[in-house]
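No lab work stands behind these numbers, since they all come straight from the coordinates. Not measured: the values here are computed from a predicted model. Counting neighbours? That spans all protein chains shown, and the Cβs are built from the backbone with ideal geometry, glycine included.
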Amino acid sequence: MSSKGDGETRKTDVVVIGAGQAGLSSAYFLRRAGFEPDGGYVVLDGDRAPGGAWQHRWPTLRMETVNGIFDLPGMAFDPPSPLERASVAVPRYFATFEERFQLPVRRPVSVRAVRYGPDDRLLVESDAGTWAARAVINATGTWTRPFWPYYPGRETFGGQQLHAATYPGAQHFAGKRVVVVGGGITAIQLLTELAQAGASTTWVTRRPPVFRDRPFTREYGREVVAMVERRVREGLVPQSVVSVTGLPVTDAVREAQRSGVLNRLPMFDRITPNGVAWDRAEAGAPRFVEADVILWCTGWRAALDHLAPLHLRAPGGGITMDGTRVALEPRLHLVGYGPSASTVGANHAGREAVREIRELLASRAAEPLSVS
């Protein structure tokens with residue numbers, strides 16, 4: 001559903017911001033709970049097409065190397081060809097899901113701010129007008145906020161610097177010296193394909209990588225979620241998944257280890273015009289590495305700037321949460337944040353957020369709604 005800018009303020013019960021996995025899951029459960037499109041709920045998405053962040057993934061990411069896609073609720077994801085681009089296969093699935101359940105997604109709509117409004121409502125301001133909502137589900141993810149750490153000399157580098165968010169594919173770096181920064185799954189994947197394409201790679205991380213050579217069981221998954229949930233309950237910034245789980249060991253990882261692609265160096269101290277340098281090197285490690293490219297695989301941060309007018313930040317830098325609900329503002333839920341920042345976690349969180357919103361609105365003299 002397209003949207004155009006105007007000065008109108010519309011009233012609705014719930015606004016969902018974002019139409020990735022978390023937003024679509026939330027919209028599905030709102031529909032099941034009896035909320036009607038537009039007057040009952042609306043989904044505002046900043047992209048021009050369905051697919052969330054998946055439509056922007058680098059072109060060489062194939063389904064065979066995706067770290068896992070969990071079904072959206074109510075509709076199975078039929079596995080496509082392992083060689084199909086993830087940026088095509090997953091958006092196609094999302095588009096079909098939106099159509100099948102007739103979800104009221106308006107796009108492209110850029111949400112600028114969420115503010116306190118009159119009549120016990122939250123005002124969601126966008127380039128397509130303002131919605132006055134009784135509750136808001138924020139599902140904006142992280143893709144629009146790539147994290148670039150600062151190191152001395154970064155502005156002097158004479159080569160190319162880019163973040164994984166804009167990585168164009170390994171063929172662009174054949175024959176070049178590439179320093180890959182970061183200890184996550186993205187860094188592993190890009191290191192492997194860069195080396196295969198003929199680039200000379202150097203891998204640097206802040207901490208020694210921890211590889212997990214054991215199955216990811218449900219019990220272990222619950223432990224991981226509990227660790228992340230403790231942080232957000234205390235108002236701390238959520239940790240990355242890899243910092244908690246470690247890196248999974250796959251056949252591709254084993255081959256990269258054998259070939260020396262994953263020989264890691266500690267984080268450099270500074271950047272020079274033609275490379276990266278260490279003030280004090282470990283035994284056997286270099287003091288300087290020449291580079292044509294620095295590729296920052298340093299992750300993303302939660303895209304929450306539009307919530308700044310609500311003044312929700314805790315002293316620890318994060319937002320204090322109680323489940324999916326913001327502790328300081330019970331009308332606001334963050335789905336896809338903290339422990340729900342995964343495909344399986346987003347589904348569960350969407351259901352829980354809708355259940356709590358239904359109860360909240362009913363307690364405030366809303367017309368009773370039933371969950372099927």
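A few comments on the model shown:
- Kirkwood radius and radius of gyration were both taken over the C-alpha atoms of the chain, and their ratio Rg/Rh is 1.00.
- Computed [θ] at 222 nm, helices only, for the chain once each DSSP H run of length n ≥ 4 contributes -39500 (n - 2.57): -7500 deg cm²/dmol
- With contacts taken as Cα pairs under 8 Å and at least 6 residues apart, the chain reaches a relative contact order of 23 percent.
- Folded to 0 to 90 degrees: helix 86-100 orientation relative to the chain principal axis, Cα: 10
- Shape category assigned to the stretch 23-84 from the gyration tensor of Cα positions, a/c cut at 1.5: oblate
- The stretch 1-149, relative contact order [Cα under 8 Å, separation at least 6], %: 38
- Burial ordering of Tyr337, Tyr116, fewest other beta-carbon atoms within 10 Å first: Tyr116, Tyr337
- Sorted ascending by nearby beta carbons within 10 Å, beginning with the fewest, Ser110, Ser259 become Ser259, Ser110.
- Between Arg264 and Ala95, the FRET efficiency estimated from the beta carbon spacing at R0 = 25 angstrom works out to 0.05.
- In this simple spin-label approximation, Val210 and Trp148 carry label points 7 Å from Cα along the Cα→Cβ vector, and these lie 3.1 nm apart.
- For the chain, the longest principal axis of the Cα atoms and the long axis of helix 343-363 meet at an angle of about 30 degrees.
- A Förster radius of 45 Å combined with the Cβ-Cβ distance from Glu36 to Arg287 puts the calculated FRET efficiency at roughly 0.10.
- Ranking of Lys11, Lys176 by count of other Cβ atoms within 10 Å, fewest first: Lys11, Lys176
- Distance between the pseudo-spin-label points of Thr166 and Ala277 (7 Å out from Cα toward the beta carbon): 2.7 nm.
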